[in-house]
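The values are calculated or read from the model by the stated rules, or taken from the named source; none is laboratory data. Here the structure is a predicted model, which is why all the values come from computation and not from measurement. Don't worry about glycine lacking a Cβ; one is built from the backbone with ideal geometry, like all the others, and counts go over all protein chains shown. Each accessible area value is taken on the protein alone, full model and side chains, heavy atoms only, with ligands, DNA and RNA left out. Shrake-Rupley method; radii C 1.70, N 1.55, O 1.52, S 1.80 Å.
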Amino acid sequence: MKQFVWLLCLVGSLSLVAQPVMKYSVDVRSNLDTIYVSLEPEEGLTGENDVFQFAATAPGTYQTMNIGRYVSDFKAFDKKGKELEVKRQSINQFKISKPELISKVTYSVAETFDTRVDELPIYLMCGSSLEKDHALLNTHVFLGYFNGLQSSPIALTIAGRQGWDVGTALKFENGVFYANSFDHAVDSPILMGKLTYADTSLSDTPIRIFTYSANDKITSTMLLKNMMDMLGAAQKFLIKLPVDQYTFLYHFEPNPPGTTGAWEHSYSSEYVMAEKDPNGAFMSAVTDIASHEFFHIVTPLNIHSEVVEKFNFVSPTPSLHLWLYEGVTEWASNMLLMRGGVISVQDYLDNSINFKIKVDEKHFDKTWSLKKIAEESFTTGAKQYANIYYRGSLVAGLLDIRLLELSEGKYGLRELILDLVDKYGKGNPVSEETFIDEVVKMTYPEIRDFFDSYVLDNQPLPHKTYLAKVGVSFREPRKKGLIITPMEDMTKDQAKMYKAWTTNMTRR
Ligand SMILES: [Zn+2]
């Protein structure tokens, strides 16, 4: 763990890079729920860098955020300290006259936890919280970039209170955080304050946990202890982890002022949850979410389309493949626990199939396909969006069964995911347009029908027939609700498929 020290901007030369370094000094010690930002860009700005942009959204949130709403007092200065003319061009954009003369930019940003907005409230885990004993900082809520300089490196110092600890996946040396680009910074939240710390390693991958718990109820050591089986199961499922380090950041307070949850990043994930007594049920709910976020290192962080790879912070652009990013992730995060023996088959059937069927059927609009949920997530789809965790996960589970059926138990969705990681991976996106064709090519022609019916269209999901293929019975006795259990009298074929469905296969 590293101690936080307040340093004036002591940034060394980073002149090997082509784009000018953005040197930020940020102060989070205010009692006014405000982040004060000062930016001194390295020399090299041109007339083309005349718009300073704040994020309209951020990767993995599928939410319009318009960070510009929280920004005030935006000013730009030349070398002599003379103010340059600034015009607010739109909610997230400030246009600066003579950008080549900029020596410094300053502005204030209201924290998101304690700032009321009329519409589009920002999920807590994607926002910011400043208090006397901690600061939670998702960097897109206070950093921006000059038009054309989204890939400029960033050097950031943050003035916090004395004695604060720091948790982040960013490189942090001598009080300075370093990011390769704006995108990299946005991918790396920072938690500071009164934190507990624990670590372990998974094969050779260091895993770090930092936790803020308002009343000290939950510690990093507790979380790690509860997470160990899940991490082991994730490794068995993935064989080789596609990261060389990973950081969990936890924020617990008794009454969180908004939507709680977690947000995934390439080398970390961040959780904002209500602080409760750490009993078994609570800790297992926390671990379930951690399993989901951790699996995101695969989808979408390793397998995604060009829409995610070249992220558009100016205008939110949906990707059709939300079924993969969130649906498959949710399925895998539950399935790996079952196949890894962390939860029983019956637990899996109850919570990951039975419960999800009920939620999909009772709480969401059935006329929405997974494709439509994806396409409208930033606009009219906000209400249906959460069904990606229910219907999306159920469809992924059915795809797994269909693949196992076609391959006679030899190749399921897990094997497809592992092949996709090998074939694509970071920096090599799949095509938004032809990805489904690609999956069909890699598997079976029949899989096209599956996508047409259950991803692109909203056909009723064939739970009963599919579950029977893997020896699971689906009954709806009157009044008793749905009962889903392993069959007692499986045929030889069903028993073989049941084994394939409940076990991680050895890879070819
Ligand atoms: Zn997710």
> Which listed residue (156, 273, 86) has the Cα farthest towards the positive end of the charge dipole for the chain, taking +1 on Lys and Arg C-beta and -1 on Asp and Glu C-beta about the Cα centre?
Replying inline: 273
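Run through segment 107-178 and list the GluC sites (Glu not before Pro) located in a DSSP loop whose Cβ has at most 14 other Cβ atoms within 10 Å.
When the GluC sites (Glu not before Pro) of segment 107-178 are filtered for loop state and at most 14 Cβ neighbours within 10 Å, 119 remain.
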> Taking a label point 7 Å from the Cα of residue 312 along the Cα→Cβ vector, which residues of segment 137-155 have an amide N closer than 12 Å to it?
Replying inline: none
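Under unit Cβ charges (Lys, Arg +1; Asp, Glu -1), what dipole magnitude, rounded to 20 debye, does segment 396-508 have relative to its Cα centre?
Values: 18 positive and 18 negative charges, 134 e Å.
Charge dipole, segment 396-508, about its Cα centre: 640 debye, nearest 20.
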>> Tell me the per residue accessible area of the chain using a 1.4 Å probe; a whole number in Å² is fine.
In response: 43 Å²
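Where nothing but the Cβ of Lys and Arg (+1) and of Asp and Glu (-1) is charged, how large is the charge dipole of the chain around its Cα centre, in debye to the nearest 20?
On the way: 52 positive and 63 negative charges, 135 e Å.
It comes to approximately 640 debye.
Would you mind estimating how fast the chain diffuses translationally, via Stokes-Einstein at 20 °C and 1.002 mPa s with the Kirkwood radius over Cα pairs, in µm²/s?
Numbers: Rh = 24.1 Å.
Result for D is 89 µm²/s.
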> Is segment 126-244 best put as rounded, prolate or oblate by its Cα gyration tensor, with a ≥ b ≥ c the root eigenvalues, rounded for a/c under 1.5, and otherwise prolate when a/b is larger than b/c, oblate when not?
Replying inline: oblate
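On a full-extension model of 0.36 nm per residue, what is the gain between residue 43 and residue 95, subtracting their alpha-carbon distance, rounded to one decimal in nm?
Numbers: separation 52, 0.36 × 52 = 18.72 nm, distance 1.85 nm.
That works out to 16.9 nm of additional length.
State the percentage of accessible surface on segment 195-297 attributable to carbon and sulfur atoms; use a 1.4 Å probe and exclude ligands, DNA and RNA. Mind dumping the intermediate values first?
Values: 1860 of 3860 Å².
Carbon plus sulfur share of accessible area: 48 percent.
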> Can you give the angle from 0 to 90° between the axis of helix 492-502 and the longest principal axis of the chain, with both taken from C-alpha atoms, to the nearest 10?
Replying inline: 20 degrees
>> With the crude spin-label approximation of a point 7 Å out along Cα→Cβ, what separation in nm comes out for residue 483 versus residue 276?
In response: 2.9 nm
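Quick one: pull the percent of accessible area on segment 338-431 belonging to carbon and sulfur, 1.4 Å probe, ligands and nucleic acids left out.
49 percent
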> Accessible area, 1.4 Å probe, largest first: how do 448, 391 sort?
Replying inline: 448, 391
> Relative to the longest principal Cα axis of the chain, at what angle does helix 329-339 sit, 0 to 90 degrees, rounded to 10?
Replying inline: 50 degrees
> Roughly how tilted is helix 413-423, in degrees to the nearest 10 and between 0 and 90, from the longest Cα axis of the chain?
Replying inline: 40 degrees
>> Antiparallel versus total DSSP beta bridges in the chain: what percent is that, nearest 5?
In response: 75 percent
> So which trypsin sites (Lys or Arg not before Pro) in segment 26-87 end up in coil per DSSP with only 11 or fewer other C-beta atoms within 10 Å?
Replying inline: 79, 80, 82
> Just in segment 204-292: which trypsin sites (Lys or Arg not before Pro) are loop by DSSP and have at most 11 other Cβ atoms within 10 Å?
Replying inline: 240
> Going by a ≥ b ≥ c, the root eigenvalues of the Cα gyration tensor, does segment 305-508 fall in the rounded group (a/c under 1.5), the prolate group (a/b larger than b/c) or the oblate group?
Replying inline: oblate
